[in-house]
Amino acid sequence: VEPASNNPWLYLRLAASIEEMIGRRLLRPGDRIPSVRRFSMEQRVSVPTALHAYAILETRGLIAARPRSGFYVSARSADSLSEPDPAVSLLKARALSPADPFESLTDNMARDLVPFGVALPSPALLPVGKLTRTMASIGRRLGPAAGDYDFAPGCLALRREVARRAAAAGCSLAAEDLIVTLGGTEAINLALRCTCEPGDTVVIESPTFFGIVRQLREMRLKALPIPVDSRTGICLDTLDRATRRTRVAACVLVPNFHNPIGFVMPDARKRELVRLLGGRGIPLIEDDVYGELQHEGPRPRCAKAFDPDGSVILCGSYSKTLSPGYRVGFLAAGRWHERALGLKKIQTLAGPTLPSLAVAEFLRNGGYDRHLRSFREACRRQVEETRAAICRYFPEGTRISRPSGGHLLWCELPGNVDSLELFREAAAAGISIAPGPVFSSDGGFRNFVRISCGHPWSSRLDQSLAVLGRLARKQARIPGAEQRREHPLRLHSAAGR
Ligand SMILES: Cc1ncc(COP(=O)(O)O)c(C=O)c1O
């Protein structure tokens, strides 16, 4: 009996088989593919099922219909590269292996490599000079008090500004709801420690920001990875099923301009997420460090905006927008506020006074908004240039995310490419990348890399992507990948860091 046309496994499998033929160049750009009717007969499926498979390929930009002529394989362009597949998850909570693949990535950060591996903007794009001058003038005004502790909950002027800005993300917060933290990292750390005990299970996205995986490992928490859709975020059906059968202590997500994929969860899904977790008594830890980096239009709302009772813990930071070295972040811990404050007092007691005051002043006097206007546009341009170059140089079959904010790209390379090997070869050629497995709790995403587009586009970056493309093609054993030795590439001093 032929399965029904709305059987997703069937049409997804059919779409995947054609996609594979395109990836292996058995079908090339411009080739005509069989008509829907012929394909349905060949595959012994109904016409609607075949049509469904073609619609998927069309949405992904892999094929295009020509009027009265049929379907053709699309020419490759940045816009026609399809997006990475959602990960398949085993839906089992696991203790994390003690090996930390991130270690070699941090080693590479310290070296002077072409910076595709580091999720940071170029200092040339940040208002470092203005912040330094603001800090100096505040320091002169305060005199010796500039050297004081900034006791938790931290700088009131900053908390007022953060609360004011939170309104644009749909959140109703007061200064009293906030704690100043040492970057987003400390905010996530406090949130996890408020809500979890060693041995507990925590839901994470698959893939997710490696800092989250590292914190779970360090706190002896188990990870329950849930696949994400590359456009709409965590799969709510799977989350629903998983949290019905496993006791989960918390859920840590990056719903806005996700690291590494770049999606934004639509508002309706954020609302549904908060409702689902709230109904099961599971706190949501929302990491929003990229939330203000939309490429155009208004800033996306936070899941916290849909939180009726303080069950969402919001973590933010100015590392990605102003200065990673100031270590200024914040935490709105909702129901766990008092506990978080107590932990913060034990953990770090206080923060540095001047950086918080400088950031507060920059937010207050409009400098931050002016900076964001040009910075967002720079991120958008850089992401576009990088996508186009990846399209020029990377092997056929490469898929790439389509972020609407931030400066990160997630690339799926052909299945036989080993990104850890690519990471080593690229480093030897003077280029850093972030290999897929660091974004996973179980060594997955072996053929994925994250490429950061935080630096102004240059011929140096273009050449480096050409080198990476050649290395990837060589691994994928695609004809035309020369066996030549790659020479180390170095970026020019400050602009290249
Ligand atoms: C999603 C995400 N959260 C948190 C952080 C850490 O931010 P911070 O440098 O403010 O500690 C990063 C840094 O890469 C990140 O990508």
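The values are calculated or read from the model by the stated rules, or taken from the named source; none is laboratory data. All values derive from a computational prediction rather than experimental measurement. Cβ coordinates were reconstructed from backbone atoms using ideal geometry, including for glycine residues, and neighbour counts include every protein chain displayed.
Summary of values
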| read-out | value |
| --- | --- |
| Search result, residues across segment 184-219 that are buried (at least 23 other Cβ atoms within 10 Å of the Cβ), within 12 Å of the ligand (Cβ to nearest atom) and under 22 Å from Pro300 (Cβ atoms) | Gly184, Ala187, Ile188, Ala191, Ile204, Glu205, Pro207, Thr208, Phe209, Ile212 |
| Qualifying residues in segment 324-343 (those that are free of Cβ contacts under 8 Å to residues at least 24 places away in the same chain and small (Gly, Ala, Ser)) - the one nearest to the ligand (Cβ to nearest atom) | Gly325 |
| Residue in segment 336-345 that is in a loop (DSSP other than H, G, I, E, B) and either over 18 Å from Cys251 (Cα atoms) or at pLDDT 95 or above (or both) present | no |
| Test: Asp237 is more than 16 Å from the ligand (Cβ to nearest atom), without any contact (Cβ under 8 Å) to a residue 40 or more places away in the chain and over 23 Å from Thr195 (Cα atoms) | yes |
| Enumeration of residues in segment 260-273 that are in contact with a strand residue (DSSP E or B) (Cβ under 6 Å, 6 or more places away or on another chain) and either of a type outside the set (A, V, I, L, M) or surrounded by fewer than 23 Cβ atoms within 10 Å (Cβ to Cβ) (or both) | Pro260, Gly262, Phe263 |
| Near pairs, Cβ below 9 angstrom, 6+ apart or cross-chain, from segment 179-207 (farther than 22 Å from Glu338 by Cβ) to any residue that is among the acidic types (Asp, Glu) and away from the ligand (no atom under 11 Å from the Cβ) | Ser206/Asp442 |
| Residues of segment 220-229 satisfying the condition of being away from the ligand (no atom under 16 Å from the Cβ) and either under 13 Å from the mean Cα position of the chain (by Cα) or surrounded by fewer than 19 Cβ atoms within 10 Å (Cβ to Cβ) (or both) | Arg220, Pro227, Asp229 |
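So that you can scan it fast, the table gives a plain yes or no per residue for (1) away from the ligand (no atom under 16 Å from the Cβ); (2) hydrophobic (A, V, I, L, M, F, W, C); (3) without any contact (Cβ under 8 Å) to a residue 24 or more places away in the chain:
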{"residue": "Arg241", "(1), (2), (3)": "yes, no, no"}
{"residue": "Leu253", "(1), (2), (3)": "no, yes, no"}
{"residue": "Asp267", "(1), (2), (3)": "yes, no, no"}
{"residue": "Lys270", "(1), (2), (3)": "yes, no, no"}
{"residue": "Gly279", "(1), (2), (3)": "yes, no, yes"}
